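Novice: Let me give you the structure first, and then I'll get to my questions.
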Amino acid sequence: MTKQSRNGLIIRPVHPGDLEQVAAIEAACFPPAEAAMREALAQRIAAFPASFLVAELDDILVGMVNGCCTDSPVIVDAMFHGTGLHQPDGANQSIFGLDVLPAYQRRGIAAQLMRALIAASREAGRTAVILTCKEPLLRYYETFGFKNGGPSASTHGDAQWFDMTLVLGTNGCNDEQ
């Protein structure tokens, strides 16, 4: 699954050789207490490459989205600390991070990554896409059809998170659209 937009942006599955660029993107986009470390990203690339997409522009990785598959209806903190909770046939696609380098933000790259992972989740027969986000991003994710499930039990990075769920319908749309 590789898609190229008219502006030359390529959305594709991650490759092991992308690790250094992926780690740099993560470090640039999240505070140290919340960012996945290089080793965790390497484990994710190995464990669920189909659920780890990157955005490439002019041969430079500028963004990424990743998360494991699970039967859990919400993200739990243990998912951030290893790949042992990844269920390849899980009903739900989680999103651990949607990252775009600051110099490339506000160009629609994050939205393209999000739409690509949602489409891949539908194609894989997933029931829902789940994520956690901070309060300022609630409205952003709602534009994709996510519903706010309220404050999350997650304390990842000592931050306040909100559980968000996008229920995927069988007609290629989310159930409420």
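Novice: Quick one: would you say residue 166 is within 16 Å of residue 73 (Cβ to Cβ) and open to solvent by less than 30 Å² (accessible area, probe 1.4 Å)?
Specialist: yes
Novice: Let me ask another. Report yes if residue 65 is surrounded by 19 or more Cβ atoms within 10 Å (Cβ to Cβ), of a type outside the set (Asp, Glu) and closer than 16 Å to residue 118 by Cα, otherwise no.
Specialist: yes
Novice: Let me ask something else. Part of a loop (DSSP other than H, G, I, E, B), among the small types (Gly, Ala, Ser) and open to solvent by less than 30 Å² (accessible area, probe 1.4 Å), is that true of residue 84?
Specialist: No: the conditions fail for residue 84.
Novice: Any residue in segment 27-42 that is within 19 Å of residue 155 (Cα to Cα) sitting within a Cβ distance under 7 Å of a residue that is open to solvent by 40 Å² or more (accessible area, probe 1.4 Å)? List the pairs, counting only those 6 or more apart or interchain.
Specialist: What qualifies is 33/158; 35/27.
Novice: Given the conditions (1) of a type in the set (Gly, Ala, Ser); (2) within 10 Å of the chain's Cα centre (by Cα); (3) buried (at least 22 other Cβ atoms within 10 Å of the Cβ), which single one is not true for residue 110?
Specialist: Among (1) of a type in the set (Gly, Ala, Ser); (2) within 10 Å of the chain's Cα centre (by Cα); (3) buried (at least 22 other Cβ atoms within 10 Å of the Cβ), residue 110 violates only (3).
Novice: Against the condition at pLDDT below 95 and closer than 24 Å to residue 76 by Cβ, how does residue 47 come out, does it pass?
Specialist: yes
Novice: Counting just the residues of segment 1-60 that are among the polar types (S, T, N, Q) and either part of a helix (DSSP H, G or I) or open to solvent by less than 70 Å² (accessible area, probe 1.4 Å) (or both), which one comes out nearest to residue 83 (Cα to Cα)?
Specialist: 43
Novice: Of the conditions (1) at pLDDT 95 or above; (2) in contact with a Phe, Trp or Tyr (Cβ under 7 Å, 6 or more places away or on another chain), residue 156 fails just one. Which one is it?
Specialist: Condition (1) is where residue 156 drops out.
Novice: Would you please list the contacts, defined by Cβ atoms under 6 Å and residues six or more apart or on different chains, that run from a residue in segment 118-131 that is of a type in the set (Val, Ile, Thr) to a residue that is part of a helix (DSSP H, G or I)?
Specialist: 129/118; 129/121
Novice: Restricting the search to segment 132-153, which residues are exposed (fewer than 14 other Cβ atoms within 10 Å of the Cβ) and in contact (Cβ under 8 Å) with a residue 40 or more places away in the chain?
Specialist: 153
Novice: For residues that are closer than 21 Å to residue 148 by Cβ and of a type outside the set (A, V, I, L, M), scanning just segment 68-81, find the one that is least open to solvent (accessible area, probe 1.4 Å).
Specialist: Filtering segment 68-81 down to residues closer than 21 Å to residue 148 by Cβ leaves 70, 72-77, 79-80.
Remaining after also requiring of a type outside the set (A, V, I, L, M): 70, 72-73, 77, 80.
Numbers: 70: 5, 72: 29, 73: 91, 77: 39, 80: 27 Å².
The selected residue is 70.
Novice: Output the residues belonging to segment 61-74 that are more than 13 Å from the chain's Cα centre (by Cα), in a loop (DSSP other than H, G, I, E, B) and without any contact (Cβ under 8 Å) to a residue 60 or more places away in the chain.
Specialist: 71, 72
Novice: Check whether at least one residue in segment 127-142 is within 24 Å of residue 10 (Cα to Cα), part of a loop (DSSP other than H, G, I, E, B), basic (Lys, Arg) and more than 11 Å from the chain's Cα centre (by Cα), and report yes or no.
Specialist: The answer is no, given that none of the residues of segment 127-142 is within 24 Å of residue 10 (Cα to Cα), part of a loop (DSSP other than H, G, I, E, B), basic (Lys, Arg) and more than 11 Å from the chain's Cα centre (by Cα).
The values are calculated or read from the model by the stated rules, or taken from the named source; none is laboratory data. Computed from a predicted model, the values in this text were never measured in an experiment. Using ideal geometry, Cβ is built from the backbone for each residue, glycine included, and neighbour counts are taken over all protein chains shown. Side chains included, ligands, DNA and RNA excluded: accessible areas come from the protein's heavy atoms. Shrake-Rupley method; radii C 1.70, N 1.55, O 1.52, S 1.80 Å.
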